[in-house]
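Taking it in order: structure first as structure tokens, then the write-up.
The values are calculated or read from the model by the stated rules, or taken from the named source; none is laboratory data. Note that this is a predicted model, so its numbers are computed, not measured. Please note: Cβ atoms are built from the backbone with ideal geometry, for glycine as well, and neighbour counts cover all protein chains shown. Accessible surface is based on the protein model in full, side chains and every heavy atom, while ligands, DNA and RNA are left aside. Shrake-Rupley method; radii C 1.70, N 1.55, O 1.52, S 1.80 Å.
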Amino acid sequence: MTRQAMFRRIVLSSLIRRRSRMLVALLAVLIGTTVFLGMGAVYYDIPRQMGREFRSYGANLVLVAAGGGSVLKLEEARRAIALLPVDKVVGATPFRYETMYYNKQGLTVVGTDFSAVRKTSPYWRVQGEWPQKDDEILIGADIAEHTRLYAGSFIALEVSPPKGRKIKKEMKISGVVHSGGAEDGFVLMPLAGMETLLGAGGTAAVVEISIAAASEEIAAFSAAIQAKTPGLTPRLVKRIADSETTVLSRLQALIFMVTGIVLFLTLICVGTTMLTVVMERRGEIGLKKALGADNKAIIFEFIGEGVVLALAGWLPGLVSGYFFAQMVSVSVFSREVDLPFFLVPLTLCASLAVTITASLLPAAAAVDVEPALVLGGE
Amino acid sequence: MNILELKDVSMLYGQVMALQNISLSVASGEWVAIMGASGSGKTTLMNIVGCMNKATRGTVTLDGENISRLDGRDLTAIRRDKIGLIFQQFHLISYLTAVENVMIAQYYHSMADEQETLRALKRVGLTHRAGHLPRQLSGGEQQRLCIARALINYPRLILADEPTGNLDESNQNTVLDIFHQLHAEGSTIIVVTHSPEVAAHAQRVVSLEFGRLVSDVPAQRFH
Ligand SMILES: Nc1ncnc2c1ncn2[C@@H]1O[C@H](COP(=O)(O)OP(=O)(O)OP(=O)(O)O)[C@@H](O)[C@H]1O
Ligand SMILES: [Mg+2]
């Protein structure tokens, strides 16, 4: 029988025939692997996931007319947006503000693109339906409260176009919007509908853009737009862009810490088990030495046990880690996580590092065991 | 030719003089019993002869080599090559089967050889127990296993500290029978025992008292 075969036999027998002893250590490695893999996947995915989530949390770049003008041309805005990488633009929404009257009372009416709004302002909550047709509108929650109108009601809006007489137009309220912002006090209608009423097509007051990129990158985009489309002034929506990066890096730091702590606990748990085992196995270590084992042989056996422990905890840990990552990702980001493959060997390395480190301590203790203790009574 | 020679060997544990100026020679092929009251230094002597401890003073020559000044590493090598140890507490590895418990001694010595190990088990009558764990063996079987392990690397010297201390009479006799066989084959055996009956099987009986060698007589005269 080769040395390796006998070595394997000793190490495996030691683990398998003392499995109740090693169970805690095994569990620790399993949990460590699970957390490492789960957190690793989320850590890696956060910039992508959160980028999408947070950047869609309102626009982070706003286009307005250059030189303090109140009207910009949508054609120009489209040219500006064409300067941005397609895959990073979450959405771009035009907003045009007009005043209309309901029962002689002035209301701010916003013309916009509802399908785009849903991308740039995903946090809006609509009671009822989003408008489908040009004569369907949303009213803000505050207006709904004052006027006692609700989804499904009709509202007659009076407008005075720049040329010609006043028009009274009956619109259907398809829903009530809760944005938590200014929109709660506005009426929102499709931009196309507003254009048929008031003319001046192809214009807006602002275009809000949501970009999935880091703030420095967005600043670069802004500069490019500034340079290439002189009719527009881009403005960074600073507050959101910055807080995103902060939240992102804090979240990553948190995950880093949690993972570190869990690995450390695993280390302590495995280390304690191994050390307890050494205390229990003093007689066995003394005997092995009495039989002629040198320190190297004994240390290798402990490390061998650590390696097998790492493998035995890592393999099921991969499976549970995968599910853990999915669970976290689904509950936090509401989407499935892509487990990057490099995490698989990385978790193995982490498990090995932990168990080998944990076996070094008992191995060092084993070196001090005297072979003489096997002789005599005891 | 003497396989073992002690000259003025003393052992101090702090203030305790465990051995005092012991001089003793053991010829190759001899069977020596060591007797003495508890605390008289028998185990201490075995530890020194078995290369598990260094004497504080004196010279120990084992198989022609002076081992009294060797360091731990060299002592380990000599112990591995020349000494077979048998213990009162058996000291079998609980998670290894009978055959593995013997093979591990081969493994630390040179090369594990299952066939040879099985022959050694056969010799001590444990063939049918080869795959059993120590806890599944009786005391006598465990001690026979311990003997098989001590013999597996053909040691120059077999040291047994109270090998029958935990055994009943019939198992004691089985062990003594094996010793008789080994002796007949030319092995050198040193047995520590409290039992005059066991000592009587040896050729020579050495007695210790408070760390001193007080008598060294042929076994017949010991009776
Ligand atoms: N490691 C040690 N440290 C300190 N004192 C020791 C040590 N080992 C033995 N002694 C002391 O040395 C003396 C001899 O001990 P030893 O174990 O050799 O006796 P023994 O003859 O084998 O006794 P027993 O028949 O009880 O086994 C005793 O007084 C003992 O207390
Ligand atoms: Mg003793």
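Go through the stretch A:100-123 and give me each residue that's open to solvent by less than 20 Å² (accessible area, probe 1.4 Å) and within 36 Å of the chain's Cα centre (by Cα).
A:VAL109, A:VAL110, A:GLY111, A:THR112, A:PHE114, A:ALA116, A:VAL117, A:THR120, A:SER121 - these are the residues of the stretch A:100-123 that are open to solvent by less than 20 Å² (accessible area, probe 1.4 Å) and within 36 Å of the chain's Cα centre (by Cα).
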Query raised in the report: If A:ASP368 satisfies every condition in (1) within 14 Å of another protein chain (Cβ to nearest Cβ); (2) in contact with a helix residue (DSSP H, G or I) (Cβ under 9 Å, 6 or more places away or on another chain) but one, which is the exception?
Result: (2)
Report task. For B:ALA98, indicate whether it is more than 16 Å from ligand 1 (Cβ to nearest atom), modelled with pLDDT of 95 or more and closer than 26 Å to A:GLU284 by Cα. Result -> yes
Requested in this report: Would you check if there is a residue in the stretch A:292-309 being open to solvent by less than 10 Å² (accessible area, probe 1.4 Å) and either in contact with a strand residue (DSSP E or B) (Cβ under 7 Å, 6 or more places away or on another chain) or more than 30 Å from B:HIS109 (Cβ to Cβ) (or both)?
Outcome: no
Query raised in the report: Which pairs have Cβ atoms under 7 Å, sit 6 or more apart or on different chains, and link a residue in the stretch A:349-376 that is within 30 Å of B:LEU45 (Cα to Cα) and within 16 Å of ligand 2 (Cβ to nearest atom) to one that is of a type in the set (D, E, K, R) and not in a helix (DSSP H, G or I)?
Result: A:LEU375/B:ASP161; A:GLY376/B:ASP161
Query raised in the report: Does B:THR127 satisfy being over 22 Å from A:ALA372 (Cα atoms) and without any contact (Cβ under 8 Å) to a residue 12 or more places away in the chain?
Result: yes
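Scan the stretch B:52-74 residue by residue and report those that are facing chain A (nearest Cβ under 10 Å) and either polar (S, T, N, Q) or more than 16 Å from ligand 1 (Cβ to nearest atom) (or both). Lay out the reasoning, then the answer.
Of the residues in the stretch B:52-74, the ones facing chain A (nearest Cβ under 10 Å) are B:52-53, B:72-73.
Once the filter is applied, which keeps residues that are facing chain A (nearest Cβ under 10 Å) and either polar (S, T, N, Q) or more than 16 Å from ligand 1 (Cβ to nearest atom) (or both), the stretch B:52-74 yields B:ASN53, B:ARG73.
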Report task. For B:GLN89, indicate whether it is over 18 Å from the mean Cα position of the chain (by Cα), at pLDDT below 95 and open to solvent by 10 Å² or more (accessible area, probe 1.4 Å). Result -> no
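So which residues in the stretch A:264-278 are surrounded by fewer than 16 Cβ atoms within 10 Å (Cβ to Cβ) and over 19 Å from A:SER14 (Cβ atoms)? Before you say what the answer is, go through the steps one by one.
Just the residues of the stretch A:264-278 that are surrounded by fewer than 16 Cβ atoms within 10 Å (Cβ to Cβ), to begin with: A:264-265, A:268, A:276.
Hits for the stretch A:264-278 are A:PHE264, A:LEU265, A:ILE268.
Out of the strands (runs of 3 or more DSSP E) lying entirely within the stretch A:104-202, which hold 1 or more residues that are of a type in the set (Asp, Glu)? Quick ask: steps written out before the conclusion?
On the way: elements: A:105-112, A:125-128, A:136-140, A:154-159, A:167-178, A:187-190.
Of the strands (runs of 3 or more DSSP E) lying wholly inside the stretch A:104-202, those with at least 1 residues that are of a type in the set (Asp, Glu) span A:136-140, A:154-159, A:167-178.
Scan the stretch B:1-32 residue by residue and report those that are within 14 Å of chain A (Cβ to nearest Cβ) and either open to solvent by 60 Å² or more (accessible area, probe 1.4 Å) or away from ligand 2 (no atom under 16 Å from the Cβ) (or both). Show your work before the answer.
Going residue by residue through the stretch B:1-32, those that are within 14 Å of chain A (Cβ to nearest Cβ) are B:11, B:13, B:18-19.
Listed by number, the list holds a single entry, B:TYR13.
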Report summary line: Counting only residues that are more than 21 Å from A:LEU12 (Cβ to Cβ) and more than 7 Å from every other protein chain (Cβ to nearest Cβ), the stretch B:80-128 contains a total of 19
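Here is a list: A:VAL319, A:VAL328, A:VAL308. Which entry is assigned to a helix (DSSP H, G or I) and more than 12 Å from A:GLY38 (Cα to Cα)? Break it down into steps so the answer makes sense when it comes.
Working: A:VAL319 fails: more than 12 Å from A:GLY38 (Cα to Cα); A:VAL328 fails: more than 12 Å from A:GLY38 (Cα to Cα).
Step by step, each of A:VAL319, A:VAL328, A:VAL308 is checked, and only A:VAL308 is assigned to a helix (DSSP H, G or I) and more than 12 Å from A:GLY38 (Cα to Cα).
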Query raised in the report: Name the pairs whose Cβ atoms lie under 7 Å apart, with the first residue in the stretch B:35-46 and more than 6 Å from ligand 1 (Cβ to nearest atom), the second open to solvent by less than 20 Å² (accessible area, probe 1.4 Å) and of a type in the set (Val, Ile, Thr), and 6 or more positions between them or separate chains?
Result: B:MET35/B:THR193; B:MET35/B:VAL205; B:LEU45/B:ILE22; B:LEU45/B:ILE34; B:MET46/B:VAL192
Requested in this report: Please enumerate the residues belonging to the stretch A:13-28 that are surrounded by 15 or more Cβ atoms within 10 Å (Cβ to Cβ) and assigned to a helix (DSSP H, G or I).
Outcome: A:SER13, A:SER14, A:LEU15, A:ARG21, A:MET22, A:ALA25, A:LEU26, A:LEU27, A:ALA28
Report task. Output the number of residues of the stretch A:335-378 satisfying the condition of being closer than 30 Å to B:VAL192 by Cβ, at pLDDT below 85 and not in a helix (DSSP H, G or I). Result -> 4
Query raised in the report: Out of all the residues in the stretch B:6-34, which are aromatic (Phe, Trp, Tyr) and near ligand 1 (Cβ under 8 Å from one of its atoms)?
Result: B:TYR13
Report task. Out of A:THR203, A:THR245, report the one residue that is at pLDDT below 85 and either under 30 Å from A:ALA41 (Cα atoms) or not hydrophobic (A, V, I, L, M, F, W, C) (or both). Result -> A:THR245
Query raised in the report: So which residues in the stretch B:190-222 are open to solvent by 50 Å² or more (accessible area, probe 1.4 Å), charged (D, E, K, R) and under 19 Å from the mean Cα position of the chain (by Cα)?
Result: B:GLU197, B:ASP216
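So for the stretch A:250-270 (the condition being within 23 Å of A:PRO85 (Cα to Cα), modelled with pLDDT under 85 and within 29 Å of the chain's Cα centre (by Cα)), does at least one residue qualify?
no
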**Report entry** Residue within the stretch B:33-47 that is under 19 Å from B:SER187 (Cβ atoms), assigned to a strand (DSSP E or B) and within 12 Å of ligand 2 (Cβ to nearest atom) present
**Finding:** yes
Report summary line: Checked against (1) surrounded by fewer than 16 Cβ atoms within 10 Å (Cβ to Cβ); (2) modelled with pLDDT of 85 or more; (3) among the acidic types (Asp, Glu), A:GLU216 satisfies every condition except (2)
